[in-house]
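Novice: If you scroll down you'll find the structure; I have some questions about it.
What follows draws every value from the coordinates through simple rules; no lab data is involved. Just so it is clear, the structure is predicted and the values come from calculations on it, not from any experiment. Here Cβ is always computed from backbone atoms with ideal geometry, including for glycine, and neighbour counts include all displayed protein chains.
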Amino acid sequence: MKASGRNDLRLGLAGHIANRLLDSPLVPLFVVACFLLGGYALLVTPREDRPDIDVPTAVVLLPWPGAGIERVDDQLARRTAGWVREIASVEEVRSSSSNHAALLSVEFVAGTPKASAFSELNEIFQARASQLPETAEPPSIQVFGESRLVVFLATLSSKTLSLAGLEDIATELAANIQTIPGVRGVEHFGGDPTAIEVLPKPTALAARNISLNRLAEAIAGANQQLPAGRLESAPVTDLEVGMTITSPEQLGRLPVGEDGGGPVYLEEVADIKIGRVEQYQGVLHWQRDQSVPFPAVTLAVTTLEGMNVSDVTRQVQARLTEFASHSLPAEAQLTVSHDAGIDATERVYNVLVQLLTGTLVVVGIIWLGLGWRAALIIAIMMPASLSIVPYLYNRFDFTLNPVSIAAMILAIGILSDDAVVMLENVARHFRSAREKSRELTVKAVNEVGNPTILADLLVVATLLPTAYITGEMGQYVRALPIGASAAVLFSLLVALTITPYFGFRLLKVEGNKSGKDRKPDDRDKNRDEDRDKKEQEEQNEAPLVRHYRRLLSPFFAHASLRWLFYLVLVVLLLASFSLVGLRIVQIGLTPLLDRNVFAVDIELPPASTLTESLSAASALNRQLREIPEVEAVTIYSGLSTPLIYPPEALYSPEAKAPRDLTLHIELVQEDQRDRQSYQISREIARNLSIWLAPYGGKGHIVRIPSGPSSDRAITAEIYGPDPAIRQATADRIEQWLSEQEGVISTQQQPSLALPSLNLEVDPERAATFGVIPAAVTRTLYLAIQGETLANWSGMPHSRDPVPVILRLARADRESEQALRSLYVISENDRAVPLESIVDFNHSEGDQARFRRGLMPVTTVFADLDRSVAQPLTVQLESLRGLGEPDIDIRWLAPPDQATEPVLYWSGEWEMTRDVYRDLGVAGLVVMILIYVLLAGWFRSYRLPVLIMLPIPLVFIGVIPAHWAWGINIAGTGILGVIALGGIVTRNAILLVDFIEKRLDEGMALKEAVIQAGAQRTRPIILTAATVMFGSGVLIFEPSLEPLGLTLASGVLISTVLTLVLIPLLYFHAFSNESEKTTQA
């Protein structure tokens, strides 16, 4: 095609692409390739119910037995925390200390590889091992990521089977599951593993003057085979030395000493049996068809990183079904209480359905606005444009989850705009010329192509900066700007190739005389010269122009009306922000999601026994089963629970005690209940204090997080010069929090300590009896705690090692009176009563010590009814309720030193603060980018300001919409506001570009504004409708409801702003210049 055939039309990039590909056979092949690429990526990309959050956390256990809490805290925890802070990739260090160990929790910068985190920690502890206390044991380092969370829970329970029987079944089943590809580990909770118990008889030992330490040495050295080299003479033979004990009877014949009558055998001074480890913990499980909870064992499955959770859990479920049908005893029940794979699949499919719904809605809108031929082109273009997104996710290790798919839903309302603008302009040219031709198609695309490219770059410029949000929230939403930006950029390529190709072939006009393959003649030239005049005449006769003129003319005629309109907008904007100031609409982090499982964490009085703990749990279970939506309850007492949610706070290094109680509550499926899970858990939370009052306990609800935060709703960290001041301040703040509206429960950390009984050896009395104090310590440790001395060889086919445990029988070690009756053996082989050389000292016990960084801290937690108040709402009340003179309140960072009490709001507030800070910075960067691009395009410093003025006005629609919808503002909603900046600017660019073209043609300013506005009204309304109803379907995905509502409400108000405010601002800004030009 020659230039003369285009009336010397200068082609931009869009025109060149359309001209080159309009007749290319590669375009259909390109479409097919896009479909294949997208379909393949959807099938192979892993699916999850929420995005991966890669924030490695290390736990370093530093044992120092018997050092005492002061020394452990100051000489071990504080010192090693200082070492760890030197690592550049470390974000934060916290520590907890007990009498016998310190525990460090090290959080690394988001995105740090786990291997790097481990190696850096290991290197610093090895390099400074000589600086650790001499009697401290080597540190144990574990680095965790998202893969530590449990994806599948299966519970074995039985009314008649013993814990031993359940443990054996669980062990076999776990070994079966472990072979599934992608399974990282299978952990047991509950049960009681098999052990060989050696239970000494204190009286018999004392009568024969045999110490427990001698028994331990005899047993430890007996059951082992050691390599002893090789016999080199023919035949060459490997040599092993030792003995293997394969039966309790054989172990009983082990000599452990002698008396006057000959050797003393183990069976004479101890009972030997195949027993259990005897863990002081319990797991019970209740289901709707049971009257009471039954003993249970839970299996928790974790997956390897990068695996498709849905595929792994589907295989685990298949193994369970097979095991239940072939190997499960009839008296045992096997139930699945948590399946993250099913949750992920359902949520991904639900969002994909919304994506399809949004796409169909957009196609339907185009059908109504431009006809079925244009709708068909959009139906081809949209999936082709979106195909790049799942491919990029798969290529760069993103997963398919509600947030990543939301990027495509966000894009469908934007990417169709390219094709709509081009198709509408092509159709307008066809109507004006009363025919369609190749030349008209290229001209129409060229006319709007370059502004469309600029508009797409602006949309990407508004989205991409949000990909640099830091921390966990940044990783949570990162797929959103990256996926949407990729879709918008790829849609530009698709629009410039597919839209002209199919638009030229499919669009029809009345009286069409196709100009394909026909060379231009003089009539074409004349027609081109008159086309603009015809177009203007037609527009002047159109009803839309008359209505548009009638709307704007009063504002053009009277400056006072324009100023009044501006004032009304300012008042509406201030009124919208007042909804936030008055807390009618509150600011949060992420919305609550409907989950089928949540937990209740309970803390009973420190001295509670396992029996008391299980009694409290059973009483609570009786209340829970009255709630019709509760399907099952699993009770965990005295042990850590499966990690179905990230830990809320750092815990003490001491082992769990019966006081620690957790209930996992399983609900019926979502389609079988009317209430959301957070509504049910809210009802339980309101009644917990009443239900637990008879047992003196406190409890709170723990949910699987809907976003990155797993912290308690309100976390108040108290710093001060000494523990007494910190405790007094914490008590005051806890009391104040408990009085605030919406606060359901409060709790302090550290919690009350267990009562302590210190058996202190009197060295003078010990010397009198010829007893070495260290022997007393060793004897008591063996008697009470017990020790695993060997692994049993008599069960070679056992799945797990069977320990040989030496300890006293339970009756001989459970009470103080039993301990007082014990004997120790002196150096003269005489039995000495323990009471003769040991003082029994009772105390309240030492509370654990906690530090953040190097600063000692006491923490107060509070849980909220979020239907009443948000955390920030309550925290802001502290400015009036606590008073600055008494307590220094910090919001931005914890103190480096504290000579007076300091309150620092931590937890969820820290993440909320950082998220909104990053969003604010991203918004500022977006505004700068938009201004620079607009200034470069229009070659004006003033015009970009005019185009950008409506951006903050979208809050007029966004904030009242949140109030009307009954939800709070969330981080994803503010991200939607930033995206709206690009959408508002996009439409304004095309409108202003049309105005300037009309002015270049010599049209008067007022008429140019009206004509351009009338010509752009239909495409602007169409594109606004595609965003509002296409991307707006995100409202029906709970995790992204704020984003969908923001887009729908913001686009609604921005359409009015674009069609009314932009023309008025343009006329207002340039009317004086136009009058001077006219007069000249």
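Novice: So who's got an amide H within less than 5 Å of the one on Ile644, skipping anything under 5 residues away but keeping other chains? H placed 1.01 Å off N, in plane.
Specialist: Answer set, sorted by chain and number: Val150.
Novice: At a Förster radius of 56 Å, what calculated FRET efficiency corresponds to the Cβ-Cβ distance of Glu258 and Ala88, to the nearest 0.05?
Specialist: For R0 = 56 Å, the calculated efficiency reads 0.30.
Novice: Can you tell me how much longer the chain between Glu654 and Tyr781 gets when fully stretched, taken as 0.36 nm per residue apart minus their C-alpha distance, in nm with one decimal? Intermediate values should be presented prior to the final figure.
Specialist: Values: separation 127, 0.36 × 127 = 45.72 nm, distance 1.67 nm.
Extra length from Glu654 to Tyr781 when fully extended: 44.0 nm.
Novice: Evaluate the distance, in nm, between pseudo-label points positioned 7 Å from the Cα of Arg917 and of Arg71 along their respective Cα→Cβ axes.
Specialist: Placing both labels 7 Å beyond Cα along the Cβ direction yields 4.0 nm.
Novice: Determine ³J(HN,Hα), in whole Hz, for all residues of segment 74-83 in sequence, where each value follows from phi through the Karplus function 6.51 cos²θ - 1.76 cosθ + 1.60 and θ = phi - 60°; x replaces Gly and Pro.
Specialist: Per residue, the Karplus-derived 3J(HN,Hα) values read 7, 8, 10, 5, 5, 5, 5, 4, x, 4 Hz.
Novice: Something else now. What's the FRET efficiency of Asn758 with Glu217 using the Cβ-Cβ distance as r and R₀ = 30 Å, to the nearest 0.05?
Specialist: 0.65
Novice: From the phi of every residue in segment 802-810, what ³J(HN,Hα) in whole Hz does the Karplus formula 6.51 cos²θ - 1.76 cosθ + 1.60 yield, where θ is phi - 60° and glycine or proline is x?
Specialist: Coupling constants for segment 802-810: 9, x, 9, 10, 9, 6, 6, 4, 4 Hz.
Novice: For segment 737-752, in order, what is each residue's ³J(HN,Hα) by Karplus, 6.51 cos²θ - 1.76 cosθ + 1.60 with θ = phi - 60°, in whole Hz (x at glycine and Pro)?
Specialist: 5, 5, 8, 7, 5, x, 6, 9, 8, 9, 7, 10, 10, x, 7, 4
Novice: Filter the GluC sites (Glu not before Pro) in segment 829-935 down to the DSSP loop ones having no more than 13 other Cβ atoms within 10 Å, then list what survives.
Specialist: Values: sites: Glu835, Glu844, Glu877, Glu908, Glu910; in loops: Glu844.
Passing both the DSSP loop test and the Cβ count: Glu844.
Novice: Set the bar at 24 Å for Cα to Cα. Now go through Lys273/Lys656; Lys436/Lys1006; Lys443/Lys508; Lys159/Lys698 and name every pair that lies beyond it.
Specialist: Lys273/Lys656; Lys436/Lys1006; Lys159/Lys698
Novice: A follow-up question, please. What ranking, highest mean first, results for peptides 772-783, 1011-1022, 553-564 when packing means the other Cβ atoms within 10 Å averaged over each residue? Before the final figure, lay out the partial values.
Specialist: On the way: 772-783: 17.2, 1011-1022: 21.9, 553-564: 13.2.
Order by mean packing, descending: 1011-1022, 772-783, 553-564.
Novice: Continuing with this model, one more query. Got the relative contact order for the chain handy, in percent, Cα pairs under 8 Å and 6 or more residues apart?
Specialist: 17 percent
Novice: Kindly express, to the nearest 10 degrees and within the range 0 to 90, the angle between helix 372-386's C-alpha long axis and the longest C-alpha principal axis of the chain.
Specialist: The helix 372-386 is inclined about 40 degrees to the chain.
Novice: Moving on. How high is the FRET efficiency from Lys997 to Leu572, r the C-beta distance, R0 30 Å, rounded to 0.05? Let's see the in-between values first.
Specialist: On the way: r = 32 Å, r/R0 = 1.08.
The computed FRET efficiency comes out at 0.40.
Novice: Taking amide H atoms as placed 1.01 Å from N in the peptide plane, list the residues 5 or more away in sequence, or in a different chain, whose amide H sits under 5 Å from that of Arg276.
Specialist: HN-HN under 5 Å from Arg276: Ala195.
Novice: Turning to a different aspect of this structure: Return a whole-number percent for the relative contact order of segment 373-522, with Cα pairs under 8 Å and 6 or more residues apart as the contact set.
Specialist: For segment 373-522, the relative contact order is 41 percent.
Novice: Could you check the spin-label model distance between Met243 and Glu626? Points 7 Å from the Cα along Cα→Cβ, value in nm.
Specialist: 6.3 nm
Novice: Rank the residues Val921, Val477 as a footprinting-exposure proxy: fewest other Cβ atoms within 10 Å of their Cβ go first.
Specialist: Values: Val921 15, Val477 28.
Fewest-to-most ranking of Val921, Val477: Val921, Val477.
Novice: Taking 2.2 N^0.38 Å as the expected size of a compact globular protein, what ratio does the Cα radius of gyration of segment 57-144 give against it, to two decimals? If you can, show how the numbers build up before the last one.
Specialist: Values: Rg = 12.3 Å, N = 88, 2.2 N^0.38 = 12.1 Å.
Segment 57-144 yields a ratio of 1.02.
Novice: With the contact rule set at Cα under 8 Å and sequence spacing of 6 or more, what percent relative contact order holds for segment 57-144? Provide the component values of the computation, followed by the final result.
Specialist: Working: 152 pairs, mean separation 37.8, N = 88.
43 percent.
Novice: With a ≥ b ≥ c taken as the square roots of the eigenvalues of the C-alpha gyration tensor of segment 222-356, please select rounded if a/c is under 1.5 and otherwise prolate if a/b is larger than b/c or oblate if it is not?
Specialist: Values: a/c = 3.96, a/b = 1.92, b/c = 2.06.
The shape class here is oblate.
Novice: Sticking with this one: Apply the a/c threshold of 1.5 to the C-alpha gyration tensor of the chain and tell me whether it is rounded, prolate or oblate.
Specialist: Values: a/c = 2.92, a/b = 2.22, b/c = 1.32.
Taking the square roots of the gyration eigenvalues as a ≥ b ≥ c, the chain is prolate.
Novice: How would you classify segment 16-164 from its alpha-carbon gyration tensor, with a ≥ b ≥ c the square roots of the eigenvalues: rounded for a/c under 1.5, else prolate if a/b is greater than b/c, otherwise oblate? Before the final figure, lay out the partial values.
Specialist: Details: a/c = 4.89, a/b = 1.95, b/c = 2.51.
Because a/c hits 1.5 or more and a/b fails to exceed b/c, segment 16-164 counts as oblate.
Novice: Under 5 Å between amide hydrogens, which residues at least 5 positions from Val868 or on another chain qualify, with H placed 1.01 Å from N in the peptide plane?
Specialist: So Val868 has HN proximity to no qualifying residue.
Novice: Using a cut-off of 12 Å between alpha-carbon atoms, which aspartates and glutamates can reach Lys114, once sequence neighbours fewer than 8 places away in the same chain are excluded?
Specialist: Partners found: Asp54, Glu146, Glu305.
Novice: Additional query: With labels modelled as points extended 7 Å from the Cα through the Cβ direction, what inter-label distance (nm, one decimal) is found for Gln224 paired with Glu322?
Specialist: Spacing of the two 7 Å Cα→Cβ label points: 4.0 nm.
Novice: Per-residue ellipticity at 222 nm for the chain, helices alone: DSSP H runs ≥ 4 residues times -39500 (n - 2.57), over residue total, nearest 500 deg cm²/dmol? Please report the intermediate quantities before stating the final value.
Specialist: Values: 34 runs with 526 residues, N = 1080.
One gets -16000 deg cm²/dmol as the mean residue ellipticity at 222 nm.
Novice: Full-extension gain between Leu36 and Asp800, please, as 0.36 nm times their residue separation minus the C-alpha to C-alpha distance.
Specialist: Working: separation 764, 0.36 × 764 = 275.04 nm, distance 4.87 nm.
Full extension from Leu36 to Asp800 adds 270.2 nm.
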